[in-house]
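Novice: Here it is: the structure, laid out below.
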Amino acid sequence: MRISVEGTQEGLRVRMRFEQYRRRLLATRIVLAVLAVQGAVVGLWATFAPHSWYTSFPGFGMQWISVDGPYNHHLAGDVGAFFLALTAVTIAALVLNGTAVARVAGIGWLTFSVPHVVYHAFHRPAEHGTVSFTISVVSAALLVALGLAAVLLPPRGDIPLTDPNPINVRFPRRRQAGPPRRRD
């Protein structure tokens, strides 16, 4: 940890920085942010527009879900709610700002993504083209990699993901010297 002290008009500002783990902590925050954004997009789409999600996911002219079986509104909504739950846990990890809770979020993503990638790797719908199938397996594997990164990147212990806020030490103001006041 690096500590710097800076003089201000009111007193001193003491700032602490985690130099030893700085890159690992930043990488953990980035991984959590990517997982949160991805989870929010899929979750909101599947929850609030389940038929659109079913027919159009992942977008860009590809259709990964509709080629794998008939539409089920309940299942599509549940998938959306599940992604929103993972997103909430991931955002909580960012807000609570600790390495232990970041690992918990990573475990949640791993619990989902490992069976998910296994399914995609061994189940290829006949309507899936080679490119679309390959992209679906790679994107499912990326969720495993990101979840694993959220578990393994943070250093041991429970330390903040960001540097602590600076501490401001204020000194009392001095009275200007002048003639002494008379007491009557």
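The values are calculated or read from the model by the stated rules, or taken from the named source; none is laboratory data. Please read these numbers as outputs of a predicted model, since none were measured by experiment. Neighbour counts are summed over all protein chains in view; Cβ atoms, including those assigned to glycine, are modelled from backbone coordinates with ideal geometry. What goes into the accessible areas is simple: the full protein's heavy atoms, side chains included, and nothing from ligands, DNA or RNA. Shrake-Rupley method; radii C 1.70, N 1.55, O 1.52, S 1.80 Å.
Novice: Which of (1) touching a Pro at 6+ places or on another chain (Cβ under 8 Å); (2) farther than 22 Å from Phe57 by Cβ does Leu153 not meet, given it meets every other one?
Specialist: (1)
Novice: If you check every pair at least six apart or on different chains, which have Cβ atoms under 7 Å apart with a residue in the stretch 99-121 that is of a type outside the set (S, T, N, Q) first and a residue that is outside any helix (DSSP H, G or I) and open to solvent by 40 Å² or more (accessible area, probe 1.4 Å) second?
Specialist: What qualifies is Ala100/Asp158.
Novice: So which of Gly39, Gly61 ends up being out of contact with any strand residue (DSSP E or B) (no Cβ under 8 Å at 6 or more places or on another chain) and surrounded by 15 or more Cβ atoms within 10 Å (Cβ to Cβ)? Full working, then the answer.
Specialist: Details: Gly61 fails: surrounded by 15 or more Cβ atoms within 10 Å (Cβ to Cβ).
Only one candidate passes the filter, namely Gly39.
Novice: On to the next question. Of these, Ala88, Ala92, Ala76, Ala102, which one is crowded, with 20+ Cβ neighbours inside 10 Å, assigned to a helix (DSSP H, G or I) and under 12 Å from the mean Cα position of the chain (by Cα)?
Specialist: On the way: Ala88 fails: crowded, with 20+ Cβ neighbours inside 10 Å; Ala92 fails: crowded, with 20+ Cβ neighbours inside 10 Å; Ala76 fails: under 12 Å from the mean Cα position of the chain (by Cα).
One residue alone meets the criteria, Ala102.
Every residue, every condition in (1) over 24 Å from the mean Cα position of the chain (by Cα); (2) surrounded by fewer than 14 Cβ atoms within 10 Å (Cβ to Cβ); (3) at pLDDT below 90; (4) in a helix (DSSP H, G or I), yes or no:
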{"site": "Ser113", "(1), (2), (3), (4)": "no, no, no, yes"}
{"site": "Tyr119", "(1), (2), (3), (4)": "yes, yes, no, yes"}
{"site": "Asp163", "(1), (2), (3), (4)": "no, no, yes, no"}
{"site": "Asn168", "(1), (2), (3), (4)": "yes, yes, yes, no"}
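Novice: Restricting to the stretch 122-133, name every residue that is in contact (Cβ under 8 Å) with a residue 24 or more places away in the chain and either buried (at least 19 other Cβ atoms within 10 Å of the Cβ) or assigned to a helix (DSSP H, G or I) (or both).
Specialist: His128, Ser132
Novice: Can you tell me which residue in the stretch 46-58 is most open to solvent (accessible area, probe 1.4 Å), limited to those that are part of a helix (DSSP H, G or I) and not polar (S, T, N, Q)? Full working, then the answer.
Specialist: Residues of the stretch 46-58 part of a helix (DSSP H, G or I): 46-48, 50-56.
Now restrict to residues that are not polar (S, T, N, Q): 46, 48, 50-51, 53-54.
Values: Ala46: 0, Phe48: 156, Pro50: 15, His51: 97, Trp53: 23, Tyr54: 31 Å².
Among them, the one singled out is Phe48.
Novice: Can you list residue pairs whose Cβ atoms sit under 9 Å apart, with the first residue in the stretch 6-35 being more than 30 Å from Ala105 (Cα to Cα) and open to solvent by 40 Å² or more (accessible area, probe 1.4 Å) and the second being of a type outside the set (Val, Ile, Thr) and part of a loop (DSSP other than H, G, I, E, B)? Count only pairs 6 or more apart in sequence or on different chains.
Specialist: The qualifying pairs are Glu6/Pro166; Glu10/Phe171; Glu10/Arg173; Leu12/Phe171; Arg13/Pro166.
Novice: Restricting attention to the stretch 47-69, which residues are among the aliphatic types (A, V, I, L, M) and closer than 22 Å to Glu127 by Cα?
Specialist: Taking the stretch 47-69 and keeping what is among the aliphatic types (A, V, I, L, M), we get 49, 62, 65, 67.
Matches in the stretch 47-69: Met62, Ile65, Val67.
Novice: Please tell me if Gly108 is buried (at least 16 other Cβ atoms within 10 Å of the Cβ), assigned to a helix (DSSP H, G or I) and not hydrophobic (A, V, I, L, M, F, W, C). It would help to see each step written out before you state the result.
Specialist: Numbers: buried (at least 16 other Cβ atoms within 10 Å of the Cβ): yes; assigned to a helix (DSSP H, G or I): yes; not hydrophobic (A, V, I, L, M, F, W, C): yes.
It is true that Gly108 is buried (at least 16 other Cβ atoms within 10 Å of the Cβ), assigned to a helix (DSSP H, G or I) and not hydrophobic (A, V, I, L, M, F, W, C).
Novice: I need the full set of residues from the stretch 141-151 which are without any contact (Cβ under 8 Å) to a residue 40 or more places away in the chain and either open to solvent by 50 Å² or more (accessible area, probe 1.4 Å) or not in a helix (DSSP H, G or I) (or both), in order please.
Specialist: Within the stretch 141-151, Leu142, Ala145 meet the criteria.
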